[in-house]
Amino acid sequence: MNKILSIKNLSISFRVFNQTYKVLDDVSFSIDRGECIAIVGESGSGKSTLGKALLGLNPLATTIIEDGGIYYQGTNLLKLDQSSLRAYRGKEISMIFQDPLTSLNPTMRVGNQVLESFLKHHPQITKEVAKRKVIELFNWIGIHNPEERFYHYPHQFSGGMRQRVVIAIALAPNPKILIADEPTSALDPTIQIQILDLLKKIQTDLKMSIILITHDLSIVSRFTSRTIVMYAGTILEDGPSETLLQEPSHPYTQKLLKSIPRLGLNKRDRLIPIIGSPPSILHPISGCPFHPRCDQALDICKKERPNMNTKNSACWL
Ligand SMILES: Nc1ncnc2c1ncn2[C@@H]1O[C@H](COP(=O)(O)OP(=O)(O)OP(=O)(O)O)[C@@H](O)[C@H]1O
Ligand code: SF4
Ligand SMILES: [Mg+2]
């Protein structure tokens, strides 16, 4: 496998009322062609900001790129102007946004919404051919009666089917990387599994790289090979999903695992919530950002930020 996307030392701040607040701090990771990775973290840890940064979709007026680069097949996307970046959006890297309802236009037939996404990136194809492709795509992603469903509006679809339409919009340009931001969080457990299975099919059949963003560590083992754990805008641990779930190295990942229901737990295993709240960008924390909630904290943890150790875990232990 070879790298398709590398994020190097990315730091981003948001400007709010003339103050700047760091939201991503020295984030580095890469993804191979056809690889599927998960980015996991509690609410506010910067997952969506990171996903949007890969497409330059954070608000232009208030976002400050402090440092770093986002290299797509060697090109630093942060150096491109908006019109050059537009050529990458959708066609090379596509994103399923966190809220599927706001991603769809309620007044437009779903087929036309996917058709629009398809034609934008394949202007040479006639509308008739494009429509056939959209119907094939609907069929492929599990929307039954696709010819009929093409003409329906979003409110005529269930939550799971709406999410399939959103996925179809993201797939229509045939991107190389798909970013899926909390694609299952609004769905009930059975539908969640169906959507995760669809993402797995996209990865295996279309050989697409997938970045799955989620707060739910219990779903990552289903098909991701690597998991990156984020906290307060930084990466605390990065490792093979199986190892990370069985022998987490970072104290935060260990606590996160003990706090969620997942397969393999015995009836006697109690869920232990993590005491305290995740930090806010308004109140940055010195040293290791997890130290106020960590029961193994040393003196140095409060003063100096740990680098990644040999186990790919940012911890002084
Ligand atoms: N446009 C913005 N301006 C100012 N602050 C923002 C903006 N967007 C996000 N934030 C703040 O940045 C931090 C990270 O937000 P982000 O949405 O990336 O987190 P997340 O990990 O995706 O959370 P969730 O799991 O709730 O979706 C939060 O504190 C959020 O309030
Ligand atoms: S660096 Fe210190 S505070 Fe942070 S997780 Fe490790 S032991 Fe805990
Ligand atoms: Mg988010």
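Which FRET efficiency value, to the nearest 0.05, do you get for Thr310 and Lys120 by plugging their Cβ-Cβ distance into 1/(1 + (r/R0)^6) with R0 = 45 Å?
Numbers: r = 46 Å, r/R0 = 1.02.
The calculated FRET efficiency here is 0.45.
Towards the positive end of the charge dipole of the stretch 224-309, with charges on Cβ (+1 Lys, Arg; -1 Asp, Glu), say which of Pro278, His250, Ser225 has the farthest Cα.
With unit charges placed on the Cβ atoms, the residue in question is Pro278.
Over the stretch 1-132, what percent of the accessible surface lies on carbon and sulfur atoms, probe 1.4 Å? Mind dumping the intermediate values first?
Values: 3310 of 6650 Å².
Ligands and nucleic acids excluded, carbon and sulfur reach 50 percent.
Once the Cβ-Cβ distance between Asp205 and Val16 is put in as r, and R0 is 35 Å, what FRET efficiency do you end up with, to the nearest 0.05?
Numbers: r = 43 Å, r/R0 = 1.23.
Efficiency, from the Cβ-Cβ distance: 0.20.
Quick one: net charge around Glu147, please, counting Lys, Arg +1 and Asp, Glu -1 for every other residue with C-beta under 12 Å from its C-beta.
On the way: positive: Lys131, Arg132, Arg149; negative: Glu136, Glu148.
Net of charged neighbours comes to +1.
Using a probe radius of 1.4 Å on heavy atoms only, what accessible surface per residue do you get for the chain? Whole Å² is fine. If you can, show how the numbers build up before the last one.
Working: 15990 Å² over 317 residues.
In whole numbers, the chain has 50 Å² accessible per residue.
Any idea what the dipole of the stretch 60-169 comes to, in debye rounded to 20, about its Cα centre with Lys/Arg Cβ at +1 and Asp/Glu Cβ at -1? Please report the intermediate quantities before stating the final value.
Working: 13 positive and 10 negative charges, 71 e Å.
So the dipole magnitude of the stretch 60-169 works out to roughly 340 debye.
Would you work out the charge dipole size for the stretch 1-50 about its Cα centre, treating the Cβ of every Lys and Arg as +1 and the Cβ of every Asp and Glu as -1, and quote it to the nearest 20 debye? Spell out each step's value before the answer.
Working: 6 positive and 5 negative charges, 36 e Å.
Approximately 180 debye in magnitude.
Can you tell which of Val134, Ile210, Val165 lies farthest toward the positive end of the dipole of the chain, using +1 and -1 charges on the Cβ of basic and acidic side chains (Lys, Arg; Asp, Glu)?
Highest projection toward the positive end goes to Val134.
Treating the beta-carbon of each Lys and Arg as +1 and of each Asp and Glu as -1, no other charges, what is the dipole magnitude of the chain about its Cα centre, to the nearest 20 debye?
340
Kindly state, as a whole number, the per residue volume in cubic angstrom of the convex hull around the alpha carbon atoms of the stretch 3-252.
Details: hull volume 33.0 nm³, N = 250.
So the per-residue hull volume is 132 Å³.
What number, in percent, do you get for the relative contact order of the stretch 191-317 if the mean sequence gap of Cα pairs under 8 Å and at least 6 apart is divided by its residue count? Numbers along the way, then the final one.
Details: 136 pairs, mean separation 25.4, N = 127.
This gives 20 percent for the stretch 191-317.
Run the helix sum for the chain: -39,500 (n - 2.57) per DSSP H stretch of 4+ residues, divided by residue count, reported at 222 nm to the nearest 500 deg cm²/dmol.
On the way: 11 runs with 98 residues, N = 317.
Roughly -8500 deg cm²/dmol at 222 nm, from the helical runs in the chain.
Please report the relative contact order for the chain, taking Cα pairs under 8 Å with a sequence separation of at least 6, and give it as a percent rounded to a whole number. All intermediate terms of the calculation are to be shown ahead of the outcome.
Values: 563 pairs, mean separation 65.6, N = 317.
The value is 21 percent.
The values are calculated or read from the model by the stated rules, or taken from the named source; none is laboratory data. Note that the coordinates shown come from a computational prediction; the quantities given were computed from them, not determined experimentally. Backbone-built Cβ (ideal geometry, glycine too); neighbour counts: all protein chains shown. Quick note on the areas: whole protein, heavy atoms, side chains included, nothing else; ligands and nucleic acids left out. Shrake-Rupley method; radii C 1.70, N 1.55, O 1.52, S 1.80 Å.
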